[in-house]
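Input: a single structure, listed below in structure tokens.
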Amino acid sequence: MDMNFQVQEALRGKKEAFVTLIKHSEVSMYRIARSMLHSDSDCADAIQESILKAYNSLPSLREPDFFRSWLIRILMNECHNILKRRKKVIPIPITEVMTQSVERGNPYALIELKDAVNSLPGELRVIVTLYYFEDLPLKDISEMLHTPVGTIKSRLSRARTELSQLLGIQVKGVTCRERN
Amino acid sequence: MNETNFDIDLRETAKRVPVEVPTIVKQRIDEVLISLPDSRKRKKRAIFVSAAVLVFSILVVGFGLVSPSMAQIIKQVPVLNSVLHLVDSRQMPEIREEVIGLEKAQEKAPFTIEKPTFLPEGFQEESTKLETSTRGPYQLNVAKMFFKGPGNKQLMIMQVEDTGVPDSLLSQAVKTTINGVDAWIYNPSPQVSSPNIQIMFWKDGKYYNVSGNVGQETIIKVAESLK
């Protein structure tokens, strides 16, 4: 799908283009919401509100290339709003969310990775989801989380170390490639 | 394996982890997409809120104060939808509070939160919450009970302090009766196999909305058990 074209169309006021963009982003939106929130009903609340806000504030989107990170930022704000109302963070059972699929013989068996990510602390889990699952650059993640890039990097490093231990992989002096 | 390979492999593996968006979430995404106005120009018109609209009724203004999910349910009814667009949130910022758990919700709710005496087989209560929304002089309490069943089946029962039945506005819903009072059944997605059907009725100063992807007959039975 030509995201840029659909964003341009949506910016011209075409509802169908906006619907196409949201349907295309459905899995990402759910995955991110689920990494932050406890229940599917909360995820649905956050996603619904994000869609409405995104639709109403589309004219404020200056650069079509930024649509995806802009949408994710709106969604994360809504997730934070829900968490604020709850005033507590609840562990997220990601294993309930994702379909089980085990690849035997692979040290990164999908089920193991899901369990490992699931067991990370909340602040690391969200960063891992955005960086590895959504492939977002550090700069965008930094803006979304209102956290300096340096802090994101150090949390990512912690997450990698914890993941490598959880997955039983020896990683010495983890500094890993990072996209800025 | 060096650290770079670890990083690259992790990303590649992460991309292959399958994610299934639950039916209930998909349906609610579809519902909000269907309800979007055709043109964003409508929003500009909404800025010009008239005093007449603000006093239209506490019922309609009240609908504008509730959670996104409830607002969305109400928005599925076209005429109410057009009225909702007239509520200017910038003039009356909303304050929301939420309490979790049936006991706490019941303590704070200004009405009795009715529990269903019938639930489909395998269903269990997942959570109950009370959302209190305050905007200017208006306050609205919304109790929501969530139930989960086998195979991604879900039910939500919403109860709101409310009077007045806007029956002339429920044009896309099918009228029926629940325990002797008028009720309206609405299916926003008749084309899907397990639509999120909802039933709405007003009784004893309360608005009830029972919704879920469990089929119309079951929704009616659950609604009838709210006595």
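A short reminder: the numbers here are calculations on the coordinates, not readings from a lab. Values in this document were obtained by computation on a predicted structure and should not be read as measured data. Every residue, glycine as well, gets a Cβ built from its backbone with ideal geometry; the counts of neighbours run over all protein chains shown.
Please arrange A:H80, A:H146, A:H38 by counting, for each residue, the other beta carbons lying within 10 Å of its beta carbon, fewest first.
Ordered by Cβ neighbours within 10 Å, fewest first: A:H146, A:H80, A:H38.
Of B:K104/B:K221; B:K108/B:K206; A:K53/B:K153; A:K15/B:K15; A:K14/A:K53, which pairs sit farther than 20 Å apart, going by alpha carbon to alpha carbon?
Beyond 20 Å: B:K104/B:K221; A:K53/B:K153; A:K15/B:K15.
At a 10 Å Cβ-Cβ cut-off, how would you order B:R28, A:R155, fewest neighbours first?
Taking fewest neighbouring Cβ atoms as first place, the list is A:R155, B:R28.
Each residue of the stretch A:128-141 in turn: what ³J(HN,Hα) in whole Hz from Karplus with 6.51, -1.76, 1.60 and θ = phi - 60°, glycine and Pro shown as x?
Whole-Hz 3J(HN,Hα) from phi for the stretch A:128-141: 4, 4, 5, 7, 8, 7, 9, 6, 8, x, 4, 4, 5, 4.
Which order, highest average first, do A:24-34, B:110-120, A:135-145 follow once you tally other Cβ atoms within 10 Å for each residue and take the mean per peptide?
A:24-34, A:135-145, B:110-120
Fewest Cβ neighbours within 10 Å first, please rank B:Y186, A:Y131 accordingly. Working shown, then result.
Working: B:Y186 19, A:Y131 25.
Ordered by Cβ neighbours within 10 Å, fewest first: B:Y186, A:Y131.
Per residue of B:25-34, what is the mean number of Cβ atoms on other protein chains within 10 angstrom of that residue's Cβ? Please report the intermediate quantities before stating the final value.
Working: counts 12, 5, 1, 8, 11, 4, 2, 9, 10, 1.
The per-residue average across the peptide is 6.
For B:K203, list long-range residues whose amide hydrogen, built 1.01 Å from N in the peptide plane, is under 5 Å from its own amide hydrogen.
For B:K203, the qualifying residues are B:Y208.
Per residue of the stretch A:6-15, what does 6.51 cos²θ - 1.76 cosθ + 1.60 with θ = phi - 60° give for ³J(HN,Hα)? Whole Hz please, x for Gly and Pro, Karplus curve as stated.
Calculated HN-Hα couplings, in order: 5, 5, 4, 5, 4, 5, 7, x, 7, 4 Hz.
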